[in-house]
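Undergrad: Below you'll find the structure I mean.
The values are calculated or read from the model by the stated rules, or taken from the named source; none is laboratory data. Everything numeric in this text was worked out from a predicted model, so none of it was measured. Because the Cβ atoms are built from the backbone with ideal geometry, glycine has one as well, and the counts that use them run over all protein chains shown. Accessible surface areas use protein heavy atoms only, side chains included; no ligands, DNA or RNA. Shrake-Rupley method; radii C 1.70, N 1.55, O 1.52, S 1.80 Å.
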Amino acid sequence: MIRLAVMLYIRFPLSLRNVEDLLHERGIDVSHETVRYSWRRFGPVFAAEIRRTRVQQQRAFSNWKWHVDEVFVKVNGKRHHLWRAVDHEGEVLEAIVTKRRNKAAALKFLKKLVKRHGKAEEVVTDRLASYKAALRDLGALEKQQKGRWLNNRVENSHLPFRRRERAIQRFRCLRSLQKFASVHSSVYNHFNQERSLTSRDIFKLTRSAALAEWRQLCSG
């Protein structure tokens, strides 16, 4: 029940009460507060397990291009910045929240990205000056690429999070936003099958495999 509740709430643009109604149709009688507790308590555990497995797999290959961008997110009416990075295949690598988008914030984000995923051959950014300053400090300024359409990969990856943000309506604190962004990115990676790039038969096989792996999370 817990894995199902967390999957429904994180993966799809549903409210807590929507998930409560869907579970009720399956004969599971829980309140929306139970759903809230489930995702806050077990969502990070599931996300950490997914992230551990995927990072190990990714380190065996060269993550040759990163796309980095930031979006505005309001927390109790105050503007914050969600920094996100994806690789050349659309895999979400990292997501952190800061109050500012200056050089210090960009440097913090890039250092965390490098620590977990190693170094990329190319880093695609927008024209925000903070990226240039941070990459200079990291000695990777020559890897930066800027262009009007070059960063569409990460721009498009913001859309699933924006849909979830509208369903949630608003975040009440910075910590809650950071937790949800981290969990959402891992669950998105797990179920994202790039269906437009594969045949229907292959898509069904990979979708079933992803669901089977999800059901095995923390089963031991």
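Undergrad: Suppose every Lys and Arg Cβ carries +1 and every Asp and Glu Cβ carries -1, with no other charges. What dipole size does the chain come out with about its Cα centre, to the nearest 20 debye?
TA: 920 debye
Undergrad: In the chain, with Lys and Arg counted as +1 and Asp and Glu as -1 at Cβ, which of these residues, N18, L135, S186, has the Cα nearest the positive end of the dipole, that is, farthest along it?
TA: L135
Undergrad: Pull up the cross-link candidates among the lysines for K143, meaning alpha carbon to alpha carbon under 20 Å and not fewer than 8 places away within one chain.
TA: Correct list for K143: K65, K103, K108, K111, K112, K115, K119, K132.
Undergrad: How large is the dipole of segment 97-220 about the Cα centre if only Lys and Arg carry +1 and Asp and Glu carry -1, each at its Cβ, rounded to the nearest 20 debye?
TA: Using only the charged Cβ atoms, the result is roughly 700 debye.
Undergrad: Residue by residue, what Karplus-based ³J(HN,Hα) values in Hz, rounded to whole numbers, does segment 83-88 have, using 6.51, -1.76 and 1.60 with θ = phi - 60° and x for Gly and Pro?
TA: After applying 6.51 cos²θ - 1.76 cosθ + 1.60, I find 8, 9, 9, 10, 8, 5 Hz.
Undergrad: Related question: Subtracting the Cα-Cα distance from 0.36 nm times the residue separation, let me have the gained length for D137 to H32 in nm, one decimal. Working shown, then result.
TA: Numbers: separation 105, 0.36 × 105 = 37.80 nm, distance 4.65 nm.
Net length gain for the segment: 33.1 nm.
Undergrad: What ³J(HN,Hα) values, in whole Hz, does the Karplus curve 6.51 cos²θ - 1.76 cosθ + 1.60 give for segment 167-175 when θ = phi - 60°, with x put for Gly and Pro?
TA: These are the phi-based 3J(HN,Hα) values: 5, 6, 6, 6, 9, 9, 8, 5, 5 Hz.
Undergrad: How high is the relative contact order of the chain, in percent, with contacts defined as C-alpha pairs under 8 Å that are six or more residues apart?
TA: About 24 percent, as a whole number.
Undergrad: If you don't mind, there's one more thing I want to ask. Of the options L93, I50, L107, report the single residue whose Cα projects farthest towards the positive end of the charge dipole of the chain (beta-carbon charges: Lys, Arg +1; Asp, Glu -1).
TA: The listed residue farthest towards the positive side: L107.
Undergrad: If you don't mind, another one. Out of the total accessible area of segment 71-195 (probe 1.4 Å, heavy atoms of protein only), what percent is carbon and sulfur?
TA: 46 percent
Undergrad: Provide the convex hull volume over Cα atoms per residue for segment 1-120, in Å³.
TA: Given the Cα convex hull of segment 1-120, per-residue volume reads 127 Å³.
Undergrad: Would you grab the residues whose amide H sits under 5 Å from the one on V124? Only those 5+ places off in sequence or on another chain, please, with H modelled 1.01 Å from N.
TA: W66, H67, V68, Q145
Undergrad: Using a probe radius of 1.4 Å on heavy atoms only, what accessible surface per residue do you get for segment 1-156? Whole Å² is fine.
TA: 56 Å²
Undergrad: Let me spell out the model: positive unit charges on the Cβ of Lys and Arg, negative unit charges on the Cβ of Asp and Glu, origin at the Cα centre of segment 1-123. What dipole size does that give, in debye rounded to 20?
TA: Details: 26 positive and 14 negative charges, 177 e Å.
The calculation lands at about 840 debye.
Undergrad: Still on this structure: Quick one, which of (1) 16.5, 52; (2) 18.1, 58; (3) 18.8, 76 is the actual Rg and Dmax of the Cα atoms in Å calculated for this model?
TA: (2)
Undergrad: Explain nothing, just compute: Karplus ³J(HN,Hα) = 6.51 cos²θ - 1.76 cosθ + 1.60, θ = phi - 60°, for every residue of segment 115-129 in order, whole Hz, x for Gly and Pro.
TA: Calculated HN-Hα couplings, in order: 4, 8, 10, x, 10, 9, 7, 9, 10, 8, 9, 8, 8, 4, 5 Hz.
Undergrad: Could you pull out every residue, at least 5 positions away or on a different chain, whose amide H is within less than 5 Å of the one on F171? Hs are placed 1.01 Å off N in the peptide plane, and Pro or chain starts have none.
TA: When sequence neighbours closer than 5 places are left aside, the close amide H contacts are N76.
Undergrad: How much mean residue ellipticity at 222 nm does the chain get from its helices, if each DSSP H run of length 4 or more adds -39500 (n - 2.57) and you divide by all residues, to the nearest 500 deg cm²/dmol?
TA: Result for the chain, helices only: -18500 deg cm²/dmol.
Undergrad: How would you order 175-186, 133-144, 116-127 from highest to lowest mean count of nearby Cβ atoms within 10 Å?
TA: 175-186, 116-127, 133-144
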